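Input: a single structure, listed below in structure tokens.
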Amino acid sequence: MYSVCVSTPERLIEATRELLWERGYVGTSPKAILQRAGAGQGSMYHHFTGKPELALAAIRRTAEEIRATAEAVLGGPGSPYERVEAYLRRERDVLRGCPVGRLTMDPDVVASDELRAPVDETLDWLRERLAAVVEEGRERGEFAPGLDGEEIAATIVATVQGGYVLARASGSTAAFDTGVRGLLSLLAPRSPAGDCPTPTKA
């Protein structure tokens, strides 16, 4: 239940965001939205044309939030590797899954070009942003020269999204954490030639 100080459209959008994450589009009924928002019957249709328009507003809000959260880490301080590591290790509600990624498994969302658009745009933006960070690290000699930024970015996104699925299937975050550790070990910065340990004499 939300404070009465929050406008009705805001309460409806926030309630829909939560329900889409918990139940998906099909499982989110107008009645459930109104109950969660503490809004009166008919208020949805006063502010929105119906469930699809409200769901689109909710998905767009969630997509904007995910971009802002990712940018705060990927555009923050530290080396390219440290920023990728911070993105992978940032606090997440792993067992609930990704609020955007989960929508890709919702048939009603996938079937709607309008509802699917902010999901596709967010994942595309994330891959492009990660690719830019990886390319920066490659140019600075932090990553192997043969790494392809776009391929590594796709691998990072696949590791995160796949990790969510495995964690939810097992009821444990262990699978997600293991995937993150494995990916980071593969991306670990190369040691400069001068840092190679000197062989010890027998």
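The values are calculated or read from the model by the stated rules, or taken from the named source; none is laboratory data. Just so you know, these numbers come straight off a predicted model, no measurement behind them. Because the Cβ atoms are built from the backbone with ideal geometry, glycine has one as well, and the counts that use them run over all protein chains shown. Accessible surface is based on the protein model in full, side chains and every heavy atom, while ligands, DNA and RNA are left aside. Shrake-Rupley method; radii C 1.70, N 1.55, O 1.52, S 1.80 Å.
Taking only protein heavy atoms into account and a 1.4 Å probe, give the accessible area per residue of the chain in Å².
With all protein chains present, the chain gives 55 Å² per residue.
I'd like the orientation of helix 174-187 relative to the chain: the angle between its Cα long axis and the longest Cα principal axis, in ° from 0 to 90, rounded to 10.
40
Could you run the Karplus curve 6.51 cos²θ - 1.76 cosθ + 1.60 with θ = phi - 60° over region 18-27 and give me ³J(HN,Hα) per residue in whole Hz, x for Gly and Pro?
Computed from phi, the couplings for region 18-27 are 5, 5, 4, 5, 7, 10, x, 5, 4, x Hz.
Can you list residues whose amide H is under 5 Å from GLU142's amide H, if they're 5+ apart or on another chain and H is modeled 1.01 Å from N?
none
Once Lys and Arg get +1 and Asp and Glu get -1 on their Cβ, which of VAL84, ILE13, THR28 lies farthest toward the positive end of the dipole of the chain?
Value: THR28.
Taking the Cα centre of the chain as the origin, how large is its charge dipole in debye, to the nearest 20, when only Lys and Arg (+1) and Asp and Glu (-1) carry charge on their Cβ atoms?
With Lys and Arg at +1 and Asp and Glu at -1, about 680 debye.
Could you tell me the convex hull volume per residue, in Å³, taken over the Cα atoms of region 8-187?
113
Pop out the ³J(HN,Hα) list for region 124-132 in order, Karplus 6.51 cos²θ - 1.76 cosθ + 1.60 with θ = phi - 60°, rounded to Hz; leave Gly and Pro as x.
3J(HN,Hα) across region 124-132, in whole Hz: 5, 4, 5, 4, 5, 5, 5, 4, 5.
Under a point spin-label approximation (7 Å from Cα along Cα-to-Cβ), what is the ALA169-ALA68 distance to one decimal in nm?
3.4
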